[in-house]
Amino acid sequence: MSKKKIYIIEDDQHIRELLLYKLKSVGFDVESYADGESGLKAILANPPDVILLDLMLPGIDGYELCRQVRADENAQDVIMVMLTARGEEGDKVLGLEIGADDYIVKPFSIREVIARLRAILRRVKTGQTDLKEAIQIGNIQLFPDKHEVYKHGKPIEMKTKEFELLHYLMKNAGRVLSREQLLNNIWGYDYYGETRTVDVHISQLRTKIEDNPDTPKYIKTLRSVGYKFTEEIPDLD
């Protein structure tokens, strides 16, 4: 089995070298970059499996790098984990909205970083052998093997985590799923209370599959409990 490739893009030399050494020591294939320009060039030339990305970089910052990676056809599905000292909720939400898959606030433990990486990669691997049959509810069709979603027969563009979340909701239609369940099954680990991640991705899904995201017919919110994908959607012609 080939090693998973990870790019570290971090301008703090101590953090960069520590991550490089520790991740290599547990079996990852790792390269590191000290600025956004060199990191972005490497990503677009040869996309890795995972990017560990500092936000406050010289030149191209982490937010802009993330946007450019998500816009590139060959790199848009790379797993993006943001590493930053900026832990305010607004910063986290912005990072998730532009395409980050995870968000780790400094100072962090190397053990936590490794555990999260392994969990994310494990989730991606098991997802490849998940349910293959197409799922249709109302006017939404999802094809797991093709990684495609259609509404009224027209394709909807989905980011990786949006697709995985929608797939999980639809195959569990009718069941109430807590934010913690969704975090554990989609992101692959306990997120220690960071349930805002789920809310952001649910909001993104609603803008894509609902006719009116403010009054959703498909993805229902159960206050203080979680979310449910409706089993049957009436009156959708």
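Miscellaneous remarks
- If you go through region 48-75 and keep only what is over 15 Å from the mean Cα position of the chain (by Cα), touching a residue at least 40 places away in the same chain (Cβ under 8 Å) and over 23 Å from residue 114 (Cα atoms), you end up with just 58.
- For residue 7: the one exception among (1) touching a Gly at 6+ places or on another chain (Cβ under 7 Å); (2) part of a helix (DSSP H, G or I); (3) at pLDDT 95 or above; (4) not acidic (Asp, Glu): (2)
The values are calculated or read from the model by the stated rules, or taken from the named source; none is laboratory data. Remember, it's a predicted structure, so these values are computed and weren't measured experimentally. We place every Cβ from the backbone using ideal geometry, glycine too, and count neighbours over all the protein chains shown.
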